Amino acid sequence: MKDQELKALQAALAAEHAAVYGYGVVGGRIREDRRTEAKAAYDAHRARRDALAREVRDLGGAPVAAAAAYALPFAVPDSAAAVRLAAELEDRVAGVYSDLVRATGGERRRTAAGSLREAAVRAVRWRGESVAFPGLAERAATTSASPTPTV
């Protein structure tokens with residue numbers, strides 16, 4: 001169980017590294033009226049990333065490092081694309097947190113479920129609509145074996 005939990009924590013940490021990177025791109029392209037929302041999401045992902053790194057260390061693991069760069073799922077030339085990227089980032093993070101919910105128990109599971117919920121809510125805010133099961137359908141659609149880290 002500890003190995004499965006550590007693997008899921010590392011995956012969540014990797015996803016948070018990618019989200020932090022992605023929100024850097026979002027922040028550079030988003031309209032002024034949504035910049036505060038993007039900054040709040042960026043800060044939330046940084047805090048989650050730091051907490052996950054501590055949890056990995058607490059389980060005796062070495063936290064996975066952030067990649068030097070991440071391949072974006074599409075070009076982000078303007079604010080509309082930045083909003084789509086933000087929603088995509090949240091969908092991907094929600095998917096990884098759904099895996100963490102399945103792999104853990106107790107307080108760690110509650111925290112992972114809270115993180116999943118927060119990502120789903122942010123995705124709805126960015127997209128303007130919701131999905132039936134945040135983190136599940138999106139997870140199946142975006143899982144790939146790409147050698148280049150993606151956000």
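The table that follows gives values for the structure above.
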{"item": "Tally, over region 27-55, of residues that are without any contact (Cβ under 8 Å) to a residue 60 or more places away in the chain and either farther than 23 Å from A112 by Cβ or more than 16 Å from the chain's Cα centre (by Cα) (or both)", "result": "14"}
{"item": "Filter pass, P63 being within 15 Å of Q10 (Cα to Cα) and either in contact with a helix residue (DSSP H, G or I) (Cβ under 7 Å, 6 or more places away or on another chain) or surrounded by fewer than 16 Cβ atoms within 10 Å (Cβ to Cβ) (or both)", "result": "yes"}
{"item": "Selection count where residues are open to solvent by less than 20 Å² (accessible area, probe 1.4 Å) and either small (G, A, S) or more than 14 Å from R29 (Cβ to Cβ) (or both), scope region 89-117", "result": "13"}
{"item": "Any hit, region 69-88, residues being within 17 Å of K2 (Cα to Cα), buried (at least 21 other Cβ atoms within 10 Å of the Cβ) and not basic (K, R)", "result": "no"}
{"item": "Matching entry among A137, A66, A141 (being of a type in the set (A, V, I, L, M, F, W, C) and modelled with pLDDT of 95 or more)", "result": "A66"}
{"item": "Count - residues of region 45-68 that are touching a Phe, Trp or Tyr at 6+ places or on another chain (Cβ under 9 Å) and over 27 Å from V25 (Cα atoms)", "result": "0"}
{"item": "Qualifying residue in region 13-21 (condition: closer than 18 Å to R92 by Cβ, modelled with pLDDT of 95 or more and in contact with a strand residue (DSSP E or B) (Cβ under 9 Å, 6 or more places away or on another chain))", "result": "yes"}
{"item": "Selection from region 49-60 of residues that are basic (K, R) and either more than 20 Å from V93 (Cα to Cα) or surrounded by 15 or more Cβ atoms within 10 Å (Cβ to Cβ) (or both)", "result": "R49, R57"}
{"item": "Scan of region 28-63 for residues that are of a type in the set (A, V, I, L, M, F, W, C) and modelled with pLDDT of 95 or more, ordered by number", "result": "I30, A38, A40, A41, A44, A47, A51, L52, A53, V56, A62"}
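The values are calculated or read from the model by the stated rules, or taken from the named source; none is laboratory data. Here the structure is a predicted model, which is why all the values come from computation and not from measurement. For neighbour counting, all protein chains shown are included, and Cβ atoms are generated from backbone atoms with ideal geometry for every residue, glycine included. With ligands, DNA and RNA removed, areas are computed over all heavy atoms of the protein, side chains included. Shrake-Rupley method; radii C 1.70, N 1.55, O 1.52, S 1.80 Å.
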